[in-house]
Amino acid sequence: MEESNNNITHFDSFQVTSYLMDHLNVADGTAPAKCVYHYTTADVLEKFLADDGDLLCTHCRSLNDGGEFLFGAGHFIDYMKARSWNQDLIARLTKQISGFAQYDLSMPWIFSFSWYNDFLPQWSVYTDKRDGGYAIGFSVDKLIELGTIRSDKANMDSHYPVTTYYLPCIYVGIDDVFAEFDKFFQGHIDSGDVHSARIDDHLVNEVMCMAIVVVAAVKDRSFYMEGESRLVISANFDEAYKRINSIGGRVRMPALVKEDIGLLRDIIRSVIISPHGERDSLFVNALNLKRKYNSNFQIKFSPSPYRG
C-alpha cells in the first residue's frame, strides 16, 4: 500500500485481488482469473444447461443498490472535466446522462459474477438459506468474446440493437477510476474527437453509448470484497425491448449468448456445491445434469464450515 498526497490510501488492486482469489477460492481445475462465478439456487443449474439456457440480465433500477448508476455517472462527469474534453460535449453528455438516470429505461442491464467461488456472503445472500445451491463458473475468455463479437456487429450495423461488454467492476477508492476509464475509451473513442472544437451528434451518441456501459461498472470501495465483474447490456434502440421477459414481476433482458458464441452450457467450467443445504442431493443433481447434457464442468464441494 502507498499513501497518496491527499492522504487517501490506495491499494495495488491486482495484488489484493490475487491474494483474495488464492484464499477465497476452491481449486476447481480452472486457472486463476479464467473463471468467474454466479451464485444461485439449485434449480437454476439446469436452466443454464438447457438448450435455451441464457444469462438473464437485471435492469439497473432493479439492482440491490438503485443508486449505483448515479454514483458512476458522477465520476464519469468528473473524468470528462479532468481530461479537459470539449465543454460542449461535456454539457451535452451531462444532460443526457442525468436524463437517463432520472427518466429513461435505457439504462443498462446487468448480469453479475464474482471472482470468488467460496465466499460466505455470496452463499448466504444468493443461495437458498435452507437448501443451499451452487457457485457456477463461466469462462472469462468466452464472456469477453461475446462482447467483442457484439462490438464488431455494432461497428458494421449502426442500428444494432444492443451494446454488450464484459467488465470487471471499478471500485472507487481502490482502483484508479480515471485510469480505468482511459483504458476503456482509448480502445473506442479517438482522443482528438473529444477535444475537437467541433462536436457532432454522432460523436455525442457514440460516447454516450460507451459511457452508459462503463458507468455501470463503477462501485463504491465498500463492495470490493465481492470481487464483482459484470456482463453489461445497453439497449440502443426500441427493438431491443422485444427481447425482454417478465419473470416473477421483474423484467429481464436475455443476453442471447447462443446466437453469438453457442450454447451457454459450453462455457460453464465449474460447479461448486454450497457448504449448507442437502449437499449430497446437490452433488447428485449436478452430477446427473452433467451426464444428461454431456457437459464437462468440474464439481467440487465448498470446504466452508458454514451451515446456514
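Derived value for segment 36-98: Kirkwood hydrodynamic radius 15.0 Å. Basis is the mean of 1/r over every pair of different alpha-carbon atoms. When a/c reaches 1.5 or more, the comparison of a/b and b/c decides; with that in mind, is segment 194-248 rounded, prolate or oblate per its Cα gyration tensor? Here segment 194-248 falls in the oblate category. Let me know the whole percent of all Cα-Cα pairs from segment 221-285 that are separated by more than 20 Å. In whole percent, the share of Cα-Cα pairs in segment 221-285 beyond 20 Å is 59.
Which whole-number value in Å² is the accessible area per residue of the chain, probe 1.4 Å?
In whole numbers, the chain has 49 Å² accessible per residue.
Within the same chain, lysines fewer than 8 places from Lys47 are excluded, and of the rest, those with a Cα less than 17 Å from its Cα are Lys258, Lys290, Lys292. Taking other residues whose beta carbon is less than 14 angstrom from the beta carbon of Arg83, and scoring Lys, Arg as +1 and Asp, Glu as -1, yields -4. By accessible area, using a 1.4 Å probe on protein heavy atoms only, the chain has 51% of its surface on carbon and sulfur. Shape index of segment 141-189: Rg/Rh, with Rg the Cα radius of gyration and Rh the Kirkwood radius from the inverse mean 1/r over Cα pairs, equals 1.04. By the combined test of axial Cα extent (at least 15 Å) and Kyte-Doolittle hydropathy (mean at least 0.0), the qualifying DSSP H helices of the chain come to 13-24, 68-82, 201-215. Ellipticity at 222 nm from helices only: DSSP H runs of n ≥ 4 in the chain, each -39500 (n - 2.57), divided by the residue count, give -12000 deg cm²/dmol. The Cα-based radius of gyration and maximum Cα-Cα distance (Dmax) for segment 10-168 are 18.7, 55 Å.
A compact globular protein would have a Cα radius of gyration near 2.2 N^0.38 Å; the ratio found for the chain is 1.04.
For the listed peptides 225-232, 80-87, 269-276, a ranking on the average number of other beta carbons within 10 Å per residue, highest first, reads 269-276, 225-232, 80-87. In the complete set of protein chains, residue-level accessible area for Arg250 is approximately 100 Å², probe 1.4 angstrom.
With springs only between Cα atoms under 10 Å apart, run a GNM on the chain and tell me which of Asn288, Asn296, Asn205 wobbles the most. Judging by the Gaussian network model, the answer is Asn288.
The values are calculated or read from the model by the stated rules, or taken from the named source; none is laboratory data. What you see is a predicted model; the values in this text were computed from it and never measured. Here Cβ is always computed from backbone atoms with ideal geometry, including for glycine, and neighbour counts include all displayed protein chains. Just so you know, the surface numbers come from the protein's heavy atoms only, side chains and all, with ligands and any DNA or RNA stripped out. Shrake-Rupley method; radii C 1.70, N 1.55, O 1.52, S 1.80 Å.
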